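See structure below.
The values are calculated or read from the model by the stated rules, or taken from the named source; none is laboratory data. As the structure is a computational prediction, the values presented were derived from the model and not from experiment. Note that we place each Cβ from the backbone using ideal geometry, even for glycine, and neighbour counts take in every protein chain shown. Ligands, DNA and RNA are excluded from the accessible area calculation, which covers all protein heavy atoms including side chains. Shrake-Rupley method; radii C 1.70, N 1.55, O 1.52, S 1.80 Å.
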Amino acid sequence: MTEKVVVITGASSGIGAETVRLLASKGMKLAIGARRTDLLKDLADSLPEAQIIYTQVDVTKKEDIQKLVDLAIKKFGRIDVLYNNAGTATPGRIADGNTEAWERMINVNIMGVLNGLAVVLPIMENQKSGHIISTDSVLGHVSLPNVGVYAGTKFAVQAIMDSMRKEESEFNIKATMISPGGVSTEIFGNPVIDKDAEVDKLNPEDVANAVAFAIETPANVGINEVLLRAVKQVH
């Protein structure tokens with residue numbers, strides 16, 4: 001596993017940052033991106049023994065992902081894994097008509113994944129190997145009140161990743177969706193302060209472990225989806 005080169009978007013906090021820490025502890029080489037470069041720098045500085053490069057990435061801009069991938073190729077020579085982790089969520093009733101938030105979710109959660117695929121798939125096809133991982137959600141399986149548009153973007157990720165898996169199998173490219181239930185991150189707002197209210201949520205480390213599990217499977221094994229919830233989460 002120490003030879004794996006992993007590109008991660010949305011790496012500055014939450015699931016992304018914990019995944020960086022875990023994969024770095026396993027000796028993987030990391031190219032990480034997010035909008036907040038100050039947090040990326042702090043993360044890289046906290047792991048002085050790790051091989052980490054970083055740059056600012058807005059996943060709605062294909063050229064930003066291209067810049068990150070180009071850095072990885074220049075530094076490490078190839079791309080083994082792309083982890084499409086960047087995401088955003090704004091809860092609300094559909095009747096509220098918050099079209100600005102809807103557009104943002106569609107651009108980040110759907111186009112962000114597609115932009116990553118557009119950049120790395122030609123590289124992986126040429127290598128005849130690779131692994132695409134995308135953060136999906138339990139809400140990519142079942143929708144709930146007040147999160148309909150967010151859930152819709154995650155249903156879309158399901159469709160995109162499954163089609164991509166079928167299209168790319170001849171190139172030995174794996175496809176994995178990581179679909180967590182509620183996670184204690186800031187995606188739905190400010191970080192939760194009252195940890196007693198978090199008993200029915202996963203920790204970011206739990207999701208990072210699922211990502212590492214998928215990456216560490218043998219070359220002939222495809223983990224197409226990891227669906228995980230806190231035990232106390234019922235939906």
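Okay, residues lined up against (1) open to solvent by less than 60 Å² (accessible area, probe 1.4 Å); (2) more than 15 Å from Leu71 (Cα to Cα); (3) of a type outside the set (A, V, I, L, M, F, W, C):
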position	(1), (2), (3)
Val6	yes, no, no
Gly14	yes, yes, yes
Leu22	yes, yes, no
Gly27	yes, yes, yes
Leu39	yes, yes, no
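At least 2 residues that are of a type in the set (Lys, Arg) and over 21 Å from Gln158 (Cα atoms) in each: list the helices (runs of 4 or more DSSP H) lying fully within segment 57-139 that qualify. Spell out how you get there, then give the answer.
Values: elements: 62-76, 99-105, 112-127.
Answer list for segment 57-139: 62-76.
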Which numbered condition Asn98 fails, given (1) within 19 Å of the chain's Cα centre (by Cα); (2) more than 27 Å from Phe213 (Cβ to Cβ): (1)
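Filter segment 161-174 for residues that are among the hydrophobic types (A, V, I, L, M, F, W, C) and either in contact with an Asp or Glu (Cβ under 6 Å, 6 or more places away or on another chain) or surrounded by fewer than 18 Cβ atoms within 10 Å (Cβ to Cβ) (or both) and give the result.
Residues of segment 161-174 that are among the hydrophobic types (A, V, I, L, M, F, W, C), as a first pass: 161, 164, 171, 173.
Answer for segment 161-174, where residues must be among the hydrophobic types (A, V, I, L, M, F, W, C) and either in contact with an Asp or Glu (Cβ under 6 Å, 6 or more places away or on another chain) or surrounded by fewer than 18 Cβ atoms within 10 Å (Cβ to Cβ) (or both): just Phe171.
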Residue check for Ala50: crowded, with 16+ Cβ neighbours inside 10 Å and more than 17 Å from the chain's Cα centre (by Cα): yes
Residue in segment 100-107 that is in contact (Cβ under 8 Å) with a residue 12 or more places away in the chain, buried (at least 16 other Cβ atoms within 10 Å of the Cβ) and closer than 17 Å to Lys29 by Cβ present: no
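Can Val157 be described as outside any strand (DSSP E or B) and in contact with an Asp or Glu (Cβ under 8 Å, 6 or more places away or on another chain)?
Details: outside any strand (DSSP E or B): yes; in contact with an Asp or Glu (Cβ under 8 Å, 6 or more places away or on another chain): yes.
So Val157 fits the description; yes.
Condition first: modelled with pLDDT under 95 and in contact with a Gly (Cβ under 8 Å, 6 or more places away or on another chain). Now tell me which residues in segment 166-201 satisfy that. Spell out how you get there, then give the answer.
At the first step, the residues of segment 166-201 found to be modelled with pLDDT under 95 are 181-201.
Of everything in segment 166-201, those that are modelled with pLDDT under 95 and in contact with a Gly (Cβ under 8 Å, 6 or more places away or on another chain) turn out to be Val183, Thr185, Glu186, Ile187, Asp200, Lys201.
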